[in-house]
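Visitor: Handing you this structure, nothing more for now.
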Amino acid sequence: MKFRSLARWCALTGLVAALGVAVPATAAPGKLPTCKTGSASTKAPTSAPSTKAPKACRATPPRVELGRMSRAAGARTTAGYHHLGAGTAGVWRGVYGRMQVVNGAVRPGTYDFLASRFLVKRDLGGGKLAWLEAGWAETGWSGKGRQRIYTFNTNTNTWQFYDQYKLKSGSRVWIDVHTDGDNVWQAWLWWNDSWNLLTTQKLPIGSSAYVEQYVEVHVDEDNPVSLRVPRAEVDNVKLRDPGDGDIRYWRSDVATVTGGNTQRSSEYCLDWVNQFDTWSVEGCNP
(Lines give C-alpha, C1' and ligand atoms only; values in the text may rest on other atoms or scores of the structure.)
Protein backbone atom coordinates (compact mmCIF):
# COMPACT_ATOMS: atom_id res chain seq x y z
CA MET A 1 0.00 0.00 0.00
CA LYS A 2 1.42 3.36 -0.98
CA PHE A 3 1.04 6.17 1.55
CA ARG A 4 1.22 9.88 0.81
CA SER A 5 2.74 11.97 3.57
CA LEU A 6 0.44 14.18 5.57
CA ALA A 7 2.14 17.24 4.13
CA ARG A 8 0.32 19.92 6.07
CA TRP A 9 1.37 18.71 9.51
CA CYS A 10 3.27 15.44 9.28
CA ALA A 11 6.33 14.13 7.50
CA LEU A 12 7.92 10.73 7.36
CA THR A 13 11.19 10.79 9.20
CA GLY A 14 14.34 9.52 7.52
CA LEU A 15 15.16 5.85 7.81
CA VAL A 16 17.38 4.88 10.68
CA ALA A 17 20.36 2.67 10.17
CA ALA A 18 18.62 -0.34 11.62
CA LEU A 19 15.35 -1.24 13.25
CA GLY A 20 15.52 -1.16 17.02
CA VAL A 21 18.01 1.65 17.71
CA ALA A 22 17.41 3.01 21.20
CA VAL A 23 16.34 6.64 21.51
CA PRO A 24 18.55 8.39 24.08
CA ALA A 25 17.19 10.99 26.46
CA THR A 26 18.91 14.36 26.16
CA ALA A 27 19.17 14.76 29.92
CA ALA A 28 19.15 12.23 32.75
CA PRO A 29 18.43 13.49 36.30
CA GLY A 30 20.39 10.97 38.30
CA LYS A 31 20.59 7.22 38.03
CA LEU A 32 17.46 5.16 38.47
CA PRO A 33 16.96 1.39 38.35
CA THR A 34 15.19 -0.08 35.34
CA CYS A 35 11.47 -0.47 35.96
CA LYS A 36 9.97 -3.93 36.40
CA THR A 37 7.21 -4.93 33.99
CA GLY A 38 4.42 -5.02 36.58
CA SER A 39 0.87 -3.97 35.76
CA ALA A 40 -1.32 -0.88 35.62
CA SER A 41 -1.91 0.63 39.05
CA THR A 42 -5.47 0.63 40.33
CA LYS A 43 -4.73 3.07 43.14
CA ALA A 44 -3.89 6.77 42.82
CA PRO A 45 -0.25 7.88 43.24
CA THR A 46 0.93 8.14 46.81
CA SER A 47 3.76 10.59 46.12
CA ALA A 48 4.77 13.27 43.64
CA PRO A 49 6.80 12.08 40.61
CA SER A 50 10.48 12.56 41.36
CA THR A 51 13.76 10.69 41.18
CA LYS A 52 13.52 10.67 44.98
CA ALA A 53 10.02 9.17 45.07
CA PRO A 54 9.72 5.71 46.68
CA LYS A 55 10.53 2.95 44.17
CA ALA A 56 11.06 5.47 41.36
CA CYS A 57 12.55 3.83 38.28
CA ARG A 58 13.36 4.45 34.61
CA ALA A 59 11.42 2.83 31.77
CA THR A 60 13.18 0.53 29.36
CA PRO A 61 14.35 2.85 26.54
CA PRO A 62 11.87 3.05 23.66
CA ARG A 63 12.93 1.77 20.28
CA VAL A 64 13.02 3.60 16.94
CA GLU A 65 10.68 2.10 14.36
CA LEU A 66 11.01 2.21 10.60
CA GLY A 67 8.04 3.86 8.97
CA ARG A 68 7.15 5.93 12.02
CA MET A 69 5.55 9.35 11.61
CA SER A 70 6.92 12.64 12.88
CA ARG A 71 4.89 15.72 13.76
CA ALA A 72 6.10 18.88 12.07
CA ALA A 73 5.93 22.15 13.97
CA GLY A 74 3.01 24.24 12.84
CA ALA A 75 -0.72 23.97 12.39
CA ARG A 76 -2.33 20.55 12.11
CA THR A 77 -5.08 21.21 9.61
CA THR A 78 -5.64 18.07 7.56
CA ALA A 79 -9.26 17.27 6.87
CA GLY A 80 -9.05 14.03 8.84
CA TYR A 81 -7.68 15.61 12.00
CA HIS A 82 -9.73 16.27 15.15
CA HIS A 83 -8.40 17.54 18.45
CA LEU A 84 -10.68 17.92 21.46
CA GLY A 85 -9.72 19.40 24.81
CA ALA A 86 -8.23 22.66 26.06
CA GLY A 87 -5.03 24.60 26.59
CA THR A 88 -3.89 27.13 29.17
CA ALA A 89 -3.73 30.81 28.31
CA GLY A 90 -0.78 31.24 30.65
CA VAL A 91 2.34 29.27 31.52
CA TRP A 92 2.72 26.54 34.13
CA ARG A 93 5.45 24.25 35.40
CA GLY A 94 3.64 21.03 34.53
CA VAL A 95 0.46 18.98 34.27
CA TYR A 96 -0.77 15.76 35.86
CA GLY A 97 -3.87 13.58 35.54
CA ARG A 98 -5.49 10.25 34.72
CA MET A 99 -6.49 8.95 31.29
CA GLN A 100 -8.74 6.06 30.31
CA VAL A 101 -7.53 3.74 27.55
CA VAL A 102 -10.07 2.74 24.89
CA ASN A 103 -10.08 0.74 21.66
CA GLY A 104 -10.54 3.13 18.75
CA ALA A 105 -10.62 0.47 16.03
CA VAL A 106 -7.70 2.16 14.24
CA ARG A 107 -7.03 0.42 10.92
CA PRO A 108 -3.67 -1.36 10.51
CA GLY A 109 -1.55 -0.21 7.57
CA THR A 110 -2.92 3.34 7.62
CA TYR A 111 -2.04 6.73 9.11
CA ASP A 112 -5.05 6.57 11.42
CA PHE A 113 -4.40 7.25 15.09
CA LEU A 114 -6.18 7.86 18.36
CA ALA A 115 -4.29 9.44 21.26
CA SER A 116 -4.96 10.94 24.67
CA ARG A 117 -2.15 13.14 25.94
CA PHE A 118 -0.77 16.04 27.96
CA LEU A 119 1.62 18.49 26.29
CA VAL A 120 3.88 21.39 27.33
CA LYS A 121 5.05 23.83 24.66
CA ARG A 122 6.47 27.21 23.67
CA ASP A 123 6.29 29.16 20.42
CA LEU A 124 9.89 29.98 19.53
CA GLY A 125 8.94 32.36 16.74
CA GLY A 126 9.55 32.04 13.05
CA GLY A 127 7.00 29.26 12.78
CA LYS A 128 8.88 27.00 15.20
CA LEU A 129 7.43 25.25 18.23
CA ALA A 130 9.13 23.19 20.92
CA TRP A 131 7.22 20.69 23.02
CA LEU A 132 7.05 17.44 24.95
CA GLU A 133 3.93 15.30 25.15
CA ALA A 134 3.04 12.03 26.88
CA GLY A 135 0.03 9.76 27.00
CA TRP A 136 -1.28 6.67 25.26
CA ALA A 137 -1.91 6.10 21.57
CA GLU A 138 -3.22 3.55 19.10
CA THR A 139 -1.67 3.98 15.64
CA GLY A 140 -2.24 2.39 12.26
CA TRP A 141 1.39 2.40 11.10
CA SER A 142 2.78 0.33 13.99
CA GLY A 143 1.74 -1.55 17.08
CA LYS A 144 -0.64 -4.07 15.48
CA GLY A 145 -3.72 -2.35 16.86
CA ARG A 146 -2.44 -2.22 20.44
CA GLN A 147 -2.83 0.77 22.72
CA ARG A 148 0.63 1.89 23.91
CA ILE A 149 2.22 4.42 26.22
CA TYR A 150 4.12 6.98 24.16
CA THR A 151 6.03 10.24 24.29
CA PHE A 152 6.89 12.74 21.56
CA ASN A 153 9.42 15.56 21.75
CA THR A 154 10.82 18.10 19.32
CA ASN A 155 14.44 17.25 20.17
CA THR A 156 14.13 13.95 18.31
CA ASN A 157 10.87 14.59 16.38
CA THR A 158 9.84 10.98 16.81
CA TRP A 159 7.05 9.03 18.42
CA GLN A 160 8.58 6.88 21.17
CA PHE A 161 6.59 3.83 22.25
CA TYR A 162 7.06 1.99 25.54
CA ASP A 163 5.99 -1.56 24.86
CA GLN A 164 6.90 -2.86 28.31
CA TYR A 165 3.58 -1.44 29.54
CA LYS A 166 0.74 -3.74 28.55
CA LEU A 167 -2.44 -1.74 28.17
CA LYS A 168 -5.97 -2.87 27.45
CA SER A 169 -9.26 -1.14 26.82
CA GLY A 170 -10.54 0.17 30.14
CA SER A 171 -7.11 0.64 31.72
CA ARG A 172 -6.59 3.96 33.48
CA VAL A 173 -3.12 5.47 33.61
CA TRP A 174 -1.66 8.44 35.48
CA ILE A 175 0.63 10.70 33.44
CA ASP A 176 2.75 13.62 34.68
CA VAL A 177 4.80 16.07 32.60
CA HIS A 178 6.76 18.72 34.50
CA THR A 179 10.06 20.47 35.12
CA ASP A 180 11.75 21.18 38.41
CA GLY A 181 12.64 24.62 37.09
CA ASP A 182 15.90 23.65 35.39
CA ASN A 183 14.52 23.59 31.82
CA VAL A 184 14.75 19.80 31.85
CA TRP A 185 11.23 18.47 31.27
CA GLN A 186 10.27 15.03 32.53
CA ALA A 187 7.47 12.67 31.50
CA TRP A 188 6.36 10.13 34.13
CA LEU A 189 3.92 7.19 34.24
CA TRP A 190 2.42 5.85 37.48
CA TRP A 191 2.67 2.08 36.95
CA ASN A 192 3.03 -0.92 39.25
CA ASP A 193 2.44 1.48 42.17
CA SER A 194 5.61 3.45 41.45
CA TRP A 195 6.65 6.39 39.29
CA ASN A 196 8.25 5.29 36.01
CA LEU A 197 10.37 7.93 34.27
CA LEU A 198 9.66 7.74 30.53
CA THR A 199 11.94 10.48 29.21
CA THR A 200 13.81 13.65 30.16
CA GLN A 201 14.33 16.39 27.59
CA LYS A 202 16.16 19.69 27.88
CA LEU A 203 13.89 21.91 25.80
CA PRO A 204 14.22 25.57 24.77
CA ILE A 205 10.92 26.43 26.46
CA GLY A 206 12.19 27.72 29.79
CA SER A 207 11.10 26.71 33.27
CA SER A 208 7.39 27.13 32.50
CA ALA A 209 5.29 26.46 29.43
CA TYR A 210 1.80 26.47 27.95
CA VAL A 211 -0.11 23.27 28.69
CA GLU A 212 -2.56 21.26 26.59
CA GLN A 213 -4.87 18.35 27.40
CA TYR A 214 -6.32 16.70 24.31
CA VAL A 215 -7.82 13.59 22.84
CA GLU A 216 -6.72 13.48 19.21
CA VAL A 217 -8.23 11.56 16.32
CA HIS A 218 -6.68 11.36 12.89
CA VAL A 219 -8.13 9.55 9.88
CA ASP A 220 -5.86 8.62 6.97
CA GLU A 221 -6.82 11.08 4.24
CA ASP A 222 -5.97 8.52 1.55
CA ASN A 223 -8.80 6.32 2.84
CA PRO A 224 -11.15 8.45 4.95
CA VAL A 225 -13.76 6.75 7.12
CA SER A 226 -15.51 7.53 10.38
CA LEU A 227 -13.40 5.99 13.14
CA ARG A 228 -15.29 4.57 16.08
CA VAL A 229 -14.25 6.26 19.33
CA PRO A 230 -15.78 4.93 22.56
CA ARG A 231 -16.10 7.28 25.51
CA ALA A 232 -12.53 8.14 26.57
CA GLU A 233 -12.34 9.82 29.97
CA VAL A 234 -9.74 12.15 31.49
CA ASP A 235 -9.92 13.19 35.13
CA ASN A 236 -8.05 14.54 38.15
CA VAL A 237 -6.18 17.00 35.93
CA LYS A 238 -3.90 19.31 37.90
CA LEU A 239 -1.37 22.04 37.06
CA ARG A 240 1.92 22.96 38.72
CA ASP A 241 2.28 26.59 39.74
CA PRO A 242 4.96 28.34 37.64
CA GLY A 243 6.47 29.88 40.77
CA ASP A 244 6.60 27.49 43.70
CA GLY A 245 5.53 24.34 41.86
CA ASP A 246 2.46 23.76 44.06
CA ILE A 247 -0.17 21.54 42.45
CA ARG A 248 -3.77 22.71 41.93
CA TYR A 249 -6.77 21.44 40.00
CA TRP A 250 -7.27 22.80 36.49
CA ARG A 251 -10.59 24.46 37.20
CA SER A 252 -12.62 27.23 35.54
CA ASP A 253 -10.65 29.93 37.39
CA VAL A 254 -7.57 28.99 35.34
CA ALA A 255 -7.31 31.10 32.18
CA THR A 256 -8.11 28.48 29.53
CA VAL A 257 -8.30 28.47 25.75
CA THR A 258 -11.12 26.52 24.11
CA GLY A 259 -13.01 26.94 20.88
CA GLY A 260 -13.04 25.76 17.30
CA ASN A 261 -13.03 21.99 17.06
CA THR A 262 -11.55 21.64 20.53
CA GLN A 263 -15.17 21.39 21.72
CA ARG A 264 -16.90 19.47 18.98
CA SER A 265 -16.12 18.33 15.48
CA SER A 266 -18.56 16.97 12.95
CA GLU A 267 -18.07 13.46 14.38
CA TYR A 268 -16.65 13.68 17.90
CA CYS A 269 -18.02 15.39 21.00
CA LEU A 270 -16.37 16.64 24.18
CA ASP A 271 -18.22 16.63 27.49
CA TRP A 272 -16.85 18.93 30.19
CA VAL A 273 -18.07 17.07 33.26
CA ASN A 274 -16.24 19.58 35.45
CA GLN A 275 -14.29 22.34 33.72
CA PHE A 276 -11.47 21.63 33.22
CA ASP A 277 -10.27 18.73 35.34
CA THR A 278 -12.82 16.05 34.40
CA TRP A 279 -14.00 15.44 30.84
CA SER A 280 -14.52 12.90 28.10
CA VAL A 281 -14.59 12.50 24.32
CA GLU A 282 -16.62 10.08 22.23
CA GLY A 283 -18.28 9.76 18.85
CA CYS A 284 -21.30 12.03 18.61
CA ASN A 285 -24.75 10.49 18.48
CA PRO A 286 -26.31 10.87 15.02
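Visitor: Run the numbers on the stretch 116-174 and let me know its relative contact order in percent, using alpha-carbon pairs under 8 Å that are six or more apart.
Guide: 24
Visitor: Applying a 10 Å radius around every beta-carbon, put 209-220, 50-61 in order of their mean neighbour count, most first.
Guide: 209-220, 50-61
Visitor: Straight-line reach only, C-alpha to C-alpha below 13 angstrom: list the aspartates and glutamates that residue 121 could link to, leaving out same-chain residues fewer than 8 apart.
Guide: Leaving aside aspartates and glutamates fewer than 8 places away in the same chain, those within reach of residue 121 are 133, 212.
Visitor: Taking square-rooted eigenvalues a ≥ b ≥ c of the alpha carbon gyration tensor, is the stretch 112-237 rounded, prolate or oblate, where a/c under 1.5 means rounded and, failing that, a/b exceeding b/c means prolate?
Guide: Oblate, since a/c reaches 1.5 and b/c is not below a/b.
Visitor: Next up: Using R₀ = 41 Å, calculate the FRET efficiency as 1/(1 + (r/R₀)^6) where r is the Cβ-Cβ separation of residue 207 and residue 231; round to 0.05.
Guide: Efficiency computed from Cβ-Cβ geometry: 0.70.
Visitor: For the stretch 136-150, in order, what is each residue's ³J(HN,Hα) by Karplus, 6.51 cos²θ - 1.76 cosθ + 1.60 with θ = phi - 60°, in whole Hz (x at glycine and Pro)?
Guide: 10, 8, 10, 10, x, 8, 7, x, 6, x, 7, 8, 9, 5, 8
Visitor: Counting Lys +1, Arg +1, Asp -1, Glu -1, what net charge surrounds residue 137 among other residues with beta carbon under 9 Å of its beta carbon? Walk me through the numbers on the way to the answer.
Guide: Working: positive: 117, 148; negative: 138, 216.
Residues near residue 137 contribute 0 overall.
Visitor: Using R₀ = 22 Å, calculate the FRET efficiency as 1/(1 + (r/R₀)^6) where r is the Cβ-Cβ separation of residue 107 and residue 271; round to 0.05. Don't skip to the end; give the middle numbers.
Guide: Working: r = 26 Å, r/R0 = 1.18.
Approximately 0.25, to the nearest 0.05.
Visitor: Let me ask something else. Return one quarter of the surface area of the convex hull spanned by the alpha-carbon atoms of the stretch 196-286, equal to its mean projected area, in nm². Don't skip to the end; give the middle numbers.
Guide: Details: hull surface 34.9 nm².
About 8.7 nm², averaged over all directions.
Visitor: Let me ask another. What length, rounded to one decimal in nm, is gained on full extension from residue 284 through to residue 142, with 0.36 nm per residue of separation minus their alpha-carbon distance?
Guide: 48.4 nm
Visitor: Of 83, 178, which has the most accessible area and how do the rest follow, probe 1.4 Å?
Guide: These residues rank, largest area first, as 83, 178.
Visitor: A further question follows. For residue 47 and residue 157, what does the FRET efficiency come to when R0 = 25 Å and r is the distance between their Cβ atoms, rounded to the nearest 0.05?
Guide: 0.15
Visitor: Another question, if that's okay. Placing +1 at every Lys and Arg Cβ and -1 at every Asp and Glu Cβ, with all other atoms neutral, what dipole size does the stretch 82-124 have around its Cα centre, in debye to the nearest 20? Please list the in-between numbers first.
Guide: Working: 6 positive and 2 negative charges, 34 e Å.
Dipole magnitude for the stretch 82-124 comes out near 160 debye.
The values are calculated or read from the model by the stated rules, or taken from the named source; none is laboratory data. These figures come from a predicted structure and were not determined experimentally. Heads up, the Cβs are rebuilt from the backbone with ideal geometry, glycines too, and the neighbour counts pull from every protein chain shown. Calculation scope for accessible area: heavy atoms of the full protein, side chains included, ligands and nucleic acids excluded. Shrake-Rupley method; radii C 1.70, N 1.55, O 1.52, S 1.80 Å.
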